[in-house]
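Have a look at the structure below before the remarks.
The values are calculated or read from the model by the stated rules, or taken from the named source; none is laboratory data. Source: prediction; values computed, not measured. Virtual Cβ from ideal backbone geometry, glycine too; neighbours counted across all protein chains shown. Remember, those area values only see protein heavy atoms, side chains included, never the ligands or the DNA or RNA. Shrake-Rupley method; radii C 1.70, N 1.55, O 1.52, S 1.80 Å.
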Amino acid sequence: MKALQWQGVNKLAVGQVPDPELRNPGDMIVRVTRTVTCGSDLHLLGGYIPFMQKGDVLGHEFLGEVVEVGPDVRNHRIGDRVVVSSFISCGNCWYCDQKLYSLCDNGNTNPAITETLWGQAPSGCFGYSHAMGGNAGSHAEYIRVPFADVGAFTVPDAVSDERALFASDSASTGWMGADLGGVKPGDVVAVWGAGAVGQMAARAAVLLGADRVIVIDRLDDRLGQVRQHTGAETLHYERDDVAGELRERSGGRGPDVCIEAVGMEAHAPGPHFGYDQIKQQLRLQTDRPIAVREAIHACRKGGSVFVLGVFAGFVDKFPLGALMNKGLTVRGAQMHGQRYIPMLLDRMAKGELVTEHLATHVMPLDEAPEGYRMFKEKEDGCVRAVFIP
Ligand SMILES: NC(=O)c1ccc[n+]([C@@H]2O[C@H](COP(=O)([O-])OP(=O)(O)OC[C@H]3O[C@@H](n4cnc5c(N)ncnc54)[C@H](O)[C@@H]3O)[C@@H](O)[C@H]2O)c1
Ligand SMILES: [Zn+2]
Ligand SMILES: [Zn+2]
């Protein structure tokens with residue numbers, strides 16, 4: 001079958017790979033009908049997460065049709081239209097019982113790398129390097145879905161492909177940031193990053209009853225989408241005084257909840273950007289935590305900061321003093337998709353959550369290398385490139 005393969009840092013190519021096969025009784029095979037780029041893939045593409053091997057198939061946000069089911073699969077039949085959580089979880093371990101699905105003890109078949117790096121291994125993810133299980137990704141004609149009864153969900157007829165697709169990863173991630181960040185009715189919430197993840201976090205905060213939600217970025221087309229589709233306000237970090245505006249818009253206190261949806265490749269207008277970038281290039285730090293620092297500084301005393309952006313290892317100039325002295329709660333997580341997808345599909349069916357505008361570029365899988373280039377460069381207003389295999 002045809003698939004998009006990682007060929008080296010910033011090198012992608014569409015090539016032929018073997019068709020996937022059932023390996024365990026709870027597996028199923030899905031014919032991918034839509035699969036989409038994610039900001040997380042850029043970290044792989046740029047070599048910031050150095051656990052890819054030549055020929056690995058990328059992609060973890062997808063929708064498709066069930067074409068083969070293992071003997072233990074109960075919830076799915078051939079022909080079903082399904083959306084699949086990007087993280088793979090067994091549904092039976094202690095972590096899955098706590099609904100912390102991306103921390104599942106059985107979803108990562110190659111836990112040694114992350115156990116060494118982080119002490120314990122999170123779960124596995126589709127198409128997300130050998131650190132996350134070395135699973136083949138969704139930028140392909142077919143994909144094997146392990147623990148299919150746990151990770152795949154039938155899409156209601158009322159939800160379009162272009163909407164359901166985003167329940168797989170961006171919408172679940174955004175919702176998790178607002179939910180586990182503790183957004184309550186009446187809160188002021190700030191979100192760094194107006195990509196698909198930041199927009200979904202902002203929309204979740206609005207739907208959870210936040211009084212004001214403010215999204216920060218420097219890309220005007222994305223900020224325009226925020227104002228049009230999420231119900232949030234915006235700040236432009238090169239033109240506005242972000243810290244001053246956030247205080248002003250939160251009664252002088254600072255936002256109650258700050259959600260970081262930028263990750264390890266953040267930008268900044270000031271000279272500290274060069275400092276962070278050089279240290280990252282020299283591998284003196286693995287990540288540029290620019291937006292995390294800003295969130296910690298802006299957050300009100302006793303508030304909560306949730307890190308949705310992906311980070312790999314170690315950072316410099318982490319404001320531990322502000323965190324401790326301001327009494328902040330800082331959390332982060334990979335997405336617990338299984339916890340949110342049914343609720344998200346329901347809200348999508350009711351029209352509360354729209355995502356079609358995120359699919360700015362739709363193209364055949366053959367054009368995926370060009371789609372990634374546009375997404376990486378944020379060219380032509382690209383928010384997500386959707387591939388049709
Ligand atoms: N936790 C999870 O499970 C999970 C899931 C999906 C994606 N992610 C991560 O979330 C992050 C965002 O993903 P995305 O797909 O929206 O990415 P994206 O690349 O489309 O968007 C990132 C946005 O951040 C903006 N940005 C850069 N520096 C900034 C700064 N200092 N302040 C404010 N905005 C800034 C960029 O202009 C861009 O619009 C990535 O790190 C991705 O890896 C995490
Ligand atoms: Zn993702
Ligand atoms: Zn589990």
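Remarks
- Options Pro269, Pro289: the member that is closer than 22 Å to Gly195 by Cα and either polar (S, T, N, Q) or open to solvent by 10 Å² or more (accessible area, probe 1.4 Å) (or both): Pro269
- Ala201 vs. criteria more than 16 Å from ligand 2 (Cβ to nearest atom), part of a helix (DSSP H, G or I) and either β-branched (Val, Ile, Thr) or in contact with a strand residue (DSSP E or B) (Cβ under 9 Å, 6 or more places away or on another chain) (or both): no
- Residue, most open to solvent (accessible area, probe 1.4 Å), within region 66-124, restricted to residues that are closer than 20 Å to Ser138 by Cβ, hydroxyl-bearing (Ser, Thr, Tyr) and within 16 Å of ligand 1 (Cβ to nearest atom): Tyr101
- In the set (1) assigned to a strand (DSSP E or B); (2) more than 28 Å from Asp105 (Cα to Cα); (3) touching a Gly at 6+ places or on another chain (Cβ under 8 Å), Gly327 fails one condition alone, (1).
- Residues of region 215-224 satisfying the condition of being in contact with a Gly (Cβ under 9 Å, 6 or more places away or on another chain) and assigned to a loop (DSSP other than H, G, I, E, B): Leu219
- For region 225-244, the set of residues classified as open to solvent by 20 Å² or more (accessible area, probe 1.4 Å) and either within 13 Å of ligand 1 (Cβ to nearest atom) or outside any helix (DSSP H, G or I) (or both) consists of Gln225, Gly231, Glu233, Thr234, Tyr237, Glu238, Arg239, Asp240, Asp241, Val242, Ala243, listed by residue number.
- Residue within region 42-49 that is modelled with pLDDT of 95 or more and of a type in the set (Phe, Trp, Tyr) present: no
- Which listed residue, of Leu365, Leu320, Leu328, is exposed (fewer than 15 other Cβ atoms within 10 Å of the Cβ), among the hydrophobic types (A, V, I, L, M, F, W, C) and over 17 Å from the mean Cα position of the chain (by Cα): Leu320
- When region 165-183 is limited to residues that are under 17 Å from Thr230 (Cα atoms) and over 14 Å from the mean Cα position of the chain (by Cα), the one that is most open to solvent (accessible area, probe 1.4 Å) turns out to be Asp179.
- Yes/no for Arg253 being touching a Lys or Arg at 6+ places or on another chain (Cβ under 9 Å), under 26 Å from Val330 (Cβ atoms) and not acidic (Asp, Glu): yes
- Selection of region 52-100 for residues being in contact with a His (Cβ under 9 Å, 6 or more places away or on another chain), away from ligand 2 (no atom under 14 Å from the Cβ), more than 13 Å from Asp149 (Cβ to Cβ) and not in a loop (DSSP other than H, G, I, E, B) yields only Val57.
- Condition check for Glu260: at pLDDT 95 or above, buried (at least 21 other Cβ atoms within 10 Å of the Cβ) and not aliphatic (A, V, I, L, M): yes
- Single unsatisfied condition, Val330 versus (1) within 30 Å of Arg300 (Cβ to Cβ); (2) among the hydrophobic types (A, V, I, L, M, F, W, C); (3) away from ligand 3 (no atom under 16 Å from the Cβ); (4) out of contact with any Leu (no Cβ under 7 Å at 6 or more places or on another chain): (4)
- Hits in region 148-182 (condition: away from ligand 1 (no atom under 16 Å from the Cβ) and in a loop (DSSP other than H, G, I, E, B)): Val155, Pro156, Asp157, Ala158, Val159, Ser160, Gly182
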